[in-house]
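The values are calculated or read from the model by the stated rules, or taken from the named source; none is laboratory data. Keep in mind the model is a prediction, meaning the values are calculated, not measured. Here the Cβ positions follow ideal geometry from the backbone for every residue, glycine too, while neighbour counts run over all protein chains shown. Ligands, DNA and RNA are excluded from the accessible area calculation, which covers all protein heavy atoms including side chains. Shrake-Rupley method; radii C 1.70, N 1.55, O 1.52, S 1.80 Å.
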Amino acid sequence: MSTTPRLTLYANPNYTPPSHEARPATPSAPAIGLRIPTYAYIGLLVGVLALTVVWLRPSAAVANATLSDATAQPVLHINLHADYLNVQPLQAALMPKKHSLELWALSDKGTAQSLGLIPADDDGMIGLNIDQQNKLKDAQHLGVSLELRGGSRNGQPSGPMMYRGPISAL
């Protein structure tokens, strides 16, 4: 017989040997205090996007005008919106570098009220302030004059009236 102690192991039914594989961590649910701000931010973002889409949507044109030159050839088509004008050239217009084209609201009384310069770029948008919107209410025609660069200095057309046309309500 040997004198070494004997070690006896018994099988444990609840024992599982340690695994050397990495186990995925089980995510714990965030506290309710963290979920509410997240939903609030998402809701705020959706609201801001919806308002931006509604705010930036172009308004429908309320009137339009087709301006013609002295030979009755249509040159410009202008859509009048509540707070801006959309100017679309119908043919290429050559403009000297030292001049500008200025748009005028013309009444039957013969008065001309400036609506601003026609943009030289392809944008064709002219924003209207409240004063300009009120000027358009009394106008029956639109006209375009050739002015020195920067527009008329005295509030009335100082150059020749190049184009003219009636305003037609839609």
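A cut-off of 5 Å between modelled amide H atoms, ignoring neighbours fewer than 5 places along the same chain, links His81 with Val62, Asn86. A full extension of the chain between Ala70 and His141 corresponds to an added length of 24.1 nm, given 0.36 nm per residue minus the alpha carbon distance. For Val75, nonlocal amide neighbours, meaning residues 5 or more places apart or on other chains whose placed amide H falls under 5 Å from its own, are Leu67, Ser68, Asp69. The phi-based Karplus calculation (6.51 cos²θ - 1.76 cosθ + 1.60; θ = phi - 60°) puts the 3J(HN,Hα) values of segment 70-86 at 5, 8, 6, 8, x, 10, 10, 10, 10, 9, 9, 9, 4, 10, 7, 10, 10 Hz, whole numbers, x for Gly and Pro. Setting aside same-chain residues fewer than 8 positions from Lys135, which lysines have a Cα under 26 Å from its Cα? Filter leaves Lys109.
Averaging Cα coordinates gives a centre for segment 79-120 and one for segment 127-148; these two points are 8 Å apart.
FRET efficiency for the Ser168 to Leu49 pair, using the beta carbon distance and R₀ = 35 Å, is estimated at 0.45.
Assuming R0 = 30 Å, can you tell me the calculated FRET efficiency for the pair Asp83 and Ser107, based on Cβ-Cβ distance, to the nearest 0.05? Let's see the in-between values first.
On the way: r = 21 Å, r/R0 = 0.69.
So the FRET efficiency works out to roughly 0.90.
Taking amide hydrogens as placed 1.01 Å from N in the peptide plane, the amide H of Gly116 sits under 5 Å from those of Leu103, each at least 5 positions away in sequence or on another chain. Projecting label points 7 angstrom from Cα along Cα→Cβ for Arg153 and Asn14 puts them 10.2 nm apart.
In the full protein context, segment 115-170 carries 60 Å² of accessible surface per residue, based on a 1.4 Å probe and ignoring ligands, DNA and RNA.
Using every Cα-Cα pair within segment 81-170, state what percent have a distance larger than 16 Å. Walk me through the intermediate numbers first.
Details: 2089 of 4005 pairs.
Looking at segment 81-170, the distances longer than 16 Å represent 52 percent of pairs.
A 1.4 Å probe, protein heavy atoms only, puts the accessible area of Ile42 near 90 Å².
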